[in-house]
Amino acid sequence: MQEKYLVFTGRPNAGKSSLVKEIAGLNIPTGKHAGTTRKVSYYPLNDGLVLVDLPGLGKMVGVSRKFEEKINRQIIHFLESNKENIALAVAVMDISTFLEVTWRLEKKGIMSVDVEMVKFLESNIGELPLVAANKIDKTNQKDLEANLDDFMNRISDGDPTKVKDNVFPISAKKGTGVGELKAAIHEKLVAKGYKTPFKRETQQQ
């Protein structure tokens, strides 16, 4: 039977690996510096489902531009070549700095990697990914709402009501909102035939 994938993707230092640990109870490396995950990592779950922790897409600390570009190509290749086998995608982002980073990039004529990834995943796998808007503990409520509103407006092309059920404000560090996200992941996977995706102890391949 062909393996199917539950894919976690996002920029370096978005808290992706920390969230994967929280969601699936996996003992995997995490770090304070961007780019701790530097290869595609596979973690078998149940029912032929494999959790995939992708490296961060974008700027990495302490590596050459050539290596960074190699990792980025590897991520896009994985997503494009496995699009038929991706059961569900979760895009992890740092919501606390979204507006600040996005405006800085736009001054250089560059689209937000977070927005670009959500749109790419939607186009590639045929459905909007779930979005883990992480690090809500790093900002105040007013700025958080402004960041969330702007992000949802961008990924929905101006109609946030279309995407609000797919965006989950969370703090992987403190556990805030992670239960709701995990429930949504579980619900979507069960609807696709994966009855107990997180039941078994998981180990890296």
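A few remarks follow.
- Test: residue in the range 126-135 that is charged (D, E, K, R) and more than 25 Å from Glu22 (Cα to Cα): no
Every residue, every condition in (1) more than 19 Å from Glu122 (Cβ to Cβ); (2) of a type in the set (Lys, Arg); (3) in a helix (DSSP H, G or I), yes or no:
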{"residue": "Lys142", "(1), (2), (3)": "yes, yes, yes"}
{"residue": "Leu148", "(1), (2), (3)": "no, no, yes"}
{"residue": "Arg154", "(1), (2), (3)": "no, yes, yes"}
{"residue": "Lys174", "(1), (2), (3)": "yes, yes, no"}
{"residue": "Lys182", "(1), (2), (3)": "yes, yes, yes"}
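- Enumeration of residues in the range 139-163 that are buried (at least 20 other Cβ atoms within 10 Å of the Cβ) and of a type in the set (S, T, N, Q): Asn147
- Residue match in the range 158-165 (condition: closer than 24 Å to Leu57 by Cα and within 19 Å of the chain's Cα centre (by Cα)): yes
- Of all the residues in the range 108-123, those that are over 15 Å from the mean Cα position of the chain (by Cα) and not basic (Lys, Arg) number 4.
- For the range 9-53, filtering for residues that are in a loop (DSSP other than H, G, I, E, B), modelled with pLDDT of 90 or more and farther than 25 Å from Lys70 by Cβ leaves 0.
- Some residue of the range 111-126 being assigned to a strand (DSSP E or B) and either among the aromatic types (Phe, Trp, Tyr) or in contact (Cβ under 8 Å) with a residue 40 or more places away in the chain (or both): no
- The set of residues from the range 126-138 being over 14 Å from the mean Cα position of the chain (by Cα) and surrounded by 19 or more Cβ atoms within 10 Å (Cβ to Cβ) comprises just one member, Ile136.
- From the list Leu79, Leu88, Leu6, the lone residue that is within 16 Å of the chain's Cα centre (by Cα), of a type outside the set (Gly, Ala, Ser), part of a helix (DSSP H, G or I) and at pLDDT 90 or above is Leu79.
Residues are listed down the side, and each one gets a yes or a no for (1) in contact with a helix residue (DSSP H, G or I) (Cβ under 8 Å, 6 or more places away or on another chain); (2) at pLDDT 95 or above; (3) acidic (Asp, Glu):
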site: Ser156; (1), (2), (3): yes, yes, no
site: Val167; (1), (2), (3): yes, yes, no
site: Ser171; (1), (2), (3): yes, yes, no
site: Leu181; (1), (2), (3): yes, yes, no
site: His186; (1), (2), (3): no, no, no
site: Leu189; (1), (2), (3): no, no, no
site: Gly193; (1), (2), (3): no, no, no
site: Pro197; (1), (2), (3): yes, no, no
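- Check on Pro197, buried (at least 20 other Cβ atoms within 10 Å of the Cβ), in contact with a His (Cβ under 9 Å, 6 or more places away or on another chain) and touching a residue at least 40 places away in the same chain (Cβ under 8 Å): yes
- For beta carbons closer than 6 Å, sequence separation of 6+ or different chains, a first residue in the range 77-89 that is farther than 10 Å from Glu3 by Cα and a second that is among the basic types (Lys, Arg) and outside any strand (DSSP E or B), the qualifying pairs are Leu88/Lys188.
- Filtered residues of the range 92-107 (kept if more than 17 Å from Asn166 (Cβ to Cβ) and in a helix (DSSP H, G or I)): Ser96, Thr97, Leu99, Glu100, Val101, Thr102, Trp103, Arg104, Leu105, Glu106
The values are calculated or read from the model by the stated rules, or taken from the named source; none is laboratory data. Treat the numbers as computed from the prediction; the structure is a model and nothing was measured. Neighbour counts run over all protein chains shown; Cβ positions are idealised from the backbone, glycine included.
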